[in-house]
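First comes the structure, then the notes that go with it.
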Amino acid sequence: MTSTAANQNKDDGETRREFLFLSAGAMGAIGAGILAWPFVDSLNPAADTLAMATTEVDLTPIQVGQAITVVWRGKPVFIRRRTSEEIAKAEKDDNADLRDPQKDSARVKNPEWLVLVGVCTHLGCVPLGQKGNDPKGEYGGWFCPCHGSHYDSSGRIRRGPAPKNLAVPPYEFVSDTLIKIG
Amino acid sequence: MASGKREPFDNAFVEWVDSRLPIFTLMVKEYRAFPTPKNFNYFWNFGAIAMVMLVLMIVTGIVLAMHYTPHATMAFNSVERIMRDVNWGWMLRYMHMNGASFFFIAVYIHIFRGMYYGSYKKPRELLWIFGVLIFLLMMATAFMGYTLPWSQMGGWAATVITNLFSAIPLVGEKLVALLWGGFSVDNPTLNRFFSLHYLLPFVILGVVVLHVWALHVTGSNNPLGIEPNGPQDTVPFHPYYTAKDTFGLSVFLILYVVVTFWFPNVFAHPDHFVQYDSMVTPPHIVPEWYFLPYYAILRSITFDIGIPFTDIVFINAKFGGVIAMFGAVIVLFFLPWFDSHPVRSARFRPWYKIALLALALDFILLGYVGMETADAVKFGIPLVYVGQICTLYYFAFFVAIVPWLSKNEKALPLPKSINDAVLAAKGA
Ligand code: HEM
Ligand code: FES
């Protein structure tokens, strides 16, 4: 006899109906939100993409002062065998005015080997400086041609629009001449 | 939509359909009899032109999609195959490629027309908002289309633009991985861009229907910016404006055809004809010409925003650039509320007219700055500074100059009616 009850007490019936409408609407909205998630999440990196996550690199062919670029997760990784001057300069600049302050020692496992994700932290271009005749920027590291970011010989941002240092990927020395990235 | 009283048609078939679905009645009402101010100038051609370009993009695009392969290792070659082997493929691709440029030319002029003659003002605010929405969707569509040939320029444009989202605090990095479907612009990215590039033009078509619907509720604005008062101020849309639109469209299409057949690559860049290499960025990347002003705005924010003389930063330069770039489009949505001056047309608002023409020049100058490298210097002036001043003017126009003029500008006397003004001009 709800309808007669509602008729007898109009205010009460209205609030009850409003409550039912609101809770049904809220349930519908929550359901739609939950259903939307698989559609959105399907855009995230798929299992096979995630599986390509490690790369091994043999360091023997790299001479002092040379650099190579390897592919890890579809991104370039820079491996530079630094000269003693480059190491000294990077360590000296630990106290310079840095935008993203970090000590050189915190960015390497072995000072001779600098391993970096070769993606500019501004908008993702690949900085120049890997090849002998590339511009290396004002701080002897890398120079990003897209909007002019300069990185030093530790891969730290020194000038230009990039907010952060070149990232250090997770890696480990499997032996003295072999590293595993990822 | 059109129900109720209906004039019968002579043709039996038309009448049979129309009595069941009054679609012919609708067309007659909206496109033949539709009373339209009789003083349009050629600026009023660009809506129809933009519509034709949209249809042209959809038709060429659907045929291209029958030969195109959205896969990282095959996309570039499939486009080369379209150019060399597919019958008329070169023409279809050049029509689509240059069609995008001409679509933007038409829409930029169309937007300028709206701003010059105050078409965004009451009661046409919603009409204007649908227009800005179309503009945004077009930008997204063209951006994704540009990555499809999987060229150096297209692939790196995609990288730089998607990376803009990494500037968003906290969720940025996650969001970019979501957009890419991986850790860089790669096959999953190409695939979804193709899917969306196919979809969005049809969404645009839907918004165009709403845009035109809203137009047919309020009626068109006109160069005087005063409402028509009766039949003496208007003419039926057909044949008067169908004829004028056809003429303007023909001139526009001649220019389009000349570019498509004789200078098909004027808007293109050599690095757009080299296959994408995710390991090497081209030395000088630039977006398509129609994005250059916004690109210059992005690059002009080179400073962090925070409390002066401290290390406290609220918005770093990168995020600031992103906000400014998107803000430059979003601000258009609010123009009807920044400007509440009762007079619409710039013809009767000398100060607004100057400010708006300056904005047009400012926008072109921004485009020039966007085309040059970030550290370029011309006549001893670093272009970054030019870009910063232009960006400042761009935003000042919307949030300061227009609101101020809206309160303080004294307009010139308006003519009594469209008819009076037309007859006076004829007599002079
Ligand atoms: C708003 C309308 C559209 C715009 C602004 C637009 C824009 C673009 C642009 C700028 C390109 C790159 C052209 C190049 O550099 O080669 C492109 C490529 C492409 N578009 Fe569209 N497009 C539109 C509609 C469509 C539609 C509706 C389809 C398909 C159903 C389509 C299919 C394609 C295909 C397959 C390509 C790659 C082939 C090529 O590069 O020529 N487009 N589009
Ligand atoms: S992407 Fe390197 S400076 Fe902008």
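The values are calculated or read from the model by the stated rules, or taken from the named source; none is laboratory data. What you are looking at is a predicted structure, and each value in this text was computed from that prediction instead of being measured. Reconstructed Cβ throughout: ideal geometry from the backbone, glycine too, with neighbour counts over all protein chains shown. SASA here: full protein model, heavy atoms, side chains in, ligands and nucleic acids out. Shrake-Rupley method; radii C 1.70, N 1.55, O 1.52, S 1.80 Å.
Yes or no, residue by residue, for (1) touching a Cys at 6+ places or on another chain (Cβ under 9 Å); (2) assigned by TED's automatic domain parsing to the domain that holds residue B:204; (3) under 16 Å from residue B:54 (Cβ atoms):
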residue: B:88; (1), (2), (3): no, no, no
residue: B:94; (1), (2), (3): no, no, no
residue: B:101; (1), (2), (3): no, no, yes
residue: B:114; (1), (2), (3): no, yes, no
residue: B:120; (1), (2), (3): no, yes, no
residue: B:123; (1), (2), (3): no, yes, no
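The residue of the stretch B:283-314 that is farthest from residue A:123 (Cα to Cα), among those that are over 25 Å from the mean Cα position of the chain (by Cα) and within 11 Å of chain A (Cβ to nearest Cβ), is B:311.
Each residue in the stretch A:109-122 was checked for being in a loop (DSSP other than H, G, I, E, B) and farther than 13 Å from residue A:165 by Cα, and 3 of them qualify.
Residue count for the stretch B:26-47 under the criterion of being more than 16 Å from ligand 1 (Cβ to nearest atom), part of a helix (DSSP H, G or I) and open to solvent by less than 40 Å² (accessible area, probe 1.4 Å): the result is 3. Please determine whether any residue of the stretch B:380-389 is more than 16 Å from ligand 1 (Cβ to nearest atom), under 19 Å from the mean Cα position of the chain (by Cα) and either more than 28 Å from residue A:137 (Cα to Cα) or buried (at least 19 other Cβ atoms within 10 Å of the Cβ) (or both). No. Could you grab me the full set of residues in the stretch A:68-108 that are in a loop (DSSP other than H, G, I, E, B), loosely packed, with under 14 Cβ neighbours inside 10 Å and under 20 Å from the mean Cα position of the chain (by Cα)? If the condition is that a residue be in a loop (DSSP other than H, G, I, E, B), loosely packed, with under 14 Cβ neighbours inside 10 Å and under 20 Å from the mean Cα position of the chain (by Cα), then A:100, A:101 are the ones that fit. For the residues B:164, B:249, the requirement of being modelled with pLDDT of 95 or more, of a type in the set (A, V, I, L, M) and not in a loop (DSSP other than H, G, I, E, B) singles out B:249. Here the condition is being in contact with a His (Cβ under 7 Å, 6 or more places away or on another chain) and surrounded by fewer than 20 Cβ atoms within 10 Å (Cβ to Cβ); of B:235, B:286, B:258, it holds for B:286 alone.
Going through the stretch B:180-209 one residue at a time, which ones are open to solvent by 70 Å² or more (accessible area, probe 1.4 Å) and within 21 Å of residue B:123 (Cβ to Cβ)? Residue satisfying the conditions is B:209 alone. Here B:329, B:386, B:369 are screened, and the one residue that is in a helix (DSSP H, G or I), closer than 16 Å to residue B:301 by Cβ and within 16 Å of ligand 2 (Cβ to nearest atom) is B:369. Just one residue in the set B:122, B:174 is open to solvent by 20 Å² or more (accessible area, probe 1.4 Å) and in a loop (DSSP other than H, G, I, E, B); that residue is B:122. Could you grab me the full set of residues in the stretch A:135-171 that are within 12 Å of another protein chain (Cβ to nearest Cβ) and more than 27 Å from residue B:296 (Cβ to Cβ)? Hits for the stretch A:135-171 are A:167, A:169.
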